[in-house]
Structure formats: C-alpha cells, structure tokens
Amino acid sequence: MLVTLTFYLLAAVAVMAAFMVVAARNPVHSVMYLILTFFSAAGLFILMGAEFLALLLIMVYVGAVAVLFLFVVMMLEVDFVEIKQGFLQYAPFGLVMAFILFLEMVLVGAAYFFGDSGVPDTDPEVSNLEAIGSVLYTDYALFFEGVGLVLLVAMIGAIVLTHRARDGVRRQDVGRQVARTREAAIKKVDIEPGEGIGP
C-alpha cells in the first residue's frame with residue numbers, strides 16, 4: 001500500500017512539474033520545476049530497484065541544470081543583477097520546492113525500506129549496474145543512440161541560437177594573412193630632417 005501510494009504521488013508530481021517547466025514564464029521557476037521533475041523521476045527509479053539510475057539522474061542531470069540555465073540566460077538575455085535584487089521574492093517558492101523534495105525523499109525511503117517494493121528477484125551475482133548495461137546496450141541500443149543524437153542536435157541548436165555577430169570585433173582572416181605580399185605590408189617613407197612623420 002505504501003509503495004503504491006508513493007508511486008502515484010511521485011508520478012503525479014513528476015507530470016505536473018514537467019508541465020510547469022514549459023508553462024512557467026519565469027526561467028528561474030522553470031529551472032526549479034525541472035529539478036523537482038528529476039527528483040521525482042529518481043524516486044520512481046528507486047521504487048523499481050534501479051538505484052544506479054536514480055543516483056545518475058540526480059548527480060548528472062541536476063548538476064547539468066546549471067548549464068541549461070546558462071543557455072536560457074544567454075538566449076533570453078536575462079539580467080543577473082535584476083535576479084539577484086529579487087532574490088527574496090523567490091524565497092517562498094524555493095521553500096515550497098524544498099519541502100516537496102524533502103517529503104518525496106522521506107516517502108521513497110519509507111517505501112524502500114519498510115514497504116514491499118514488488119521488485120522481481122534477480123541474480124545476486126549480477127550487479128545492478130551490469131544488469132542495466134546489459135539491457136541498455138542490447139535490447140535498447142538503437143533508442144540509446146537516438147537519444148544521444150537528439151541531445152547532440154539540441155546542443156548544436158542552442159549554440160547556433162546564442163551565437164550573434166557583433167559589430168566592431170576584429171576577426172582573424174587566415175587566407176588574407178597568407179596572401180599578403182611584401183609590397184602591401186611595407187610602405188617606404190622619405191622623411192626630411194625635422195619634419196617628423198605625418199598623419
């Protein structure tokens with residue numbers, strides 16, 4: 001009963017938080033909803049007995065939220081000074097998110113240690129990491145490579161969107177430098193004594 005209740009709670013929070021990532025107008029709120037989505041998904045992985053995936057989701061993807069937020073700031077030109085000045089207005093929202101995360105961790109821990117998780121028995125000689133790798137790189141290898149390709153396209157798209165041509169920036173032209181001749185690079189000037197160099 002406890003495991004079922006925890007599953008439905010985490011699933012509902014994950015779906016609602018994922019929707020709010022897209023629906024929220026404030027980029028700071030979107031990032032916090034994304035962190036909540038990752039934590040909820042990690043809780044679901046723990047209930048399924050995939051602790052490695054849960055830790056990987058938290059350590060890698062929650063850490064990568066900072067990079068995602070950087071891309072958002074670069075694309076939307078969010079003013080950091082304005083965000084720092086309005087830090088206190090985000091405090092209640094952050095406290096609510098922290099309370100939900102704490103509640104999820106307590107529920108997942110209670111369901112994992114005191115509830116019947118319903119995870120099927122596996123070979124004790126095969127580690128969790130080995131079992132996941134065996135399934136991921138054999139049965140779902142095509143999908144795994146497809147996800148990697150999608151992430152690569154997303155990264156290139158973010159770089160292209162944030163790249164802007166700036167006026168007044170001197171750029172190196174290798175072809176022009178190589179094709180430069182001695183006559184174009186050197187200018188002989190005959191200076192009379194006491195005249196100096198003109199403009």
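Nothing in this text is a laboratory measurement; each read-out follows from the coordinates by a stated rule. Note that the coordinates shown come from a computational prediction; the quantities given were computed from them, not determined experimentally. A quick note on method: Cβ atoms are made from the backbone with ideal geometry, for glycine too, and the neighbour counts reach across all protein chains shown.
The modelled label-to-label distance between Ile191 and Ile132, using points 7 Å beyond Cα along the C-beta direction, is 7.2 nm. Using a Förster radius of 41 Å, what is the FRET efficiency between Phe114 and Gln89 based on their Cβ-Cβ separation? Nearest 0.05, please. Taking R0 as 41 Å, the efficiency between Phe114 and Gln89 is 0.55.
Modelled spin-label separation between Phe99 and Asp139, with each label point placed 7 Å from Cα along the Cα-to-Cβ direction: 4.1 nm.
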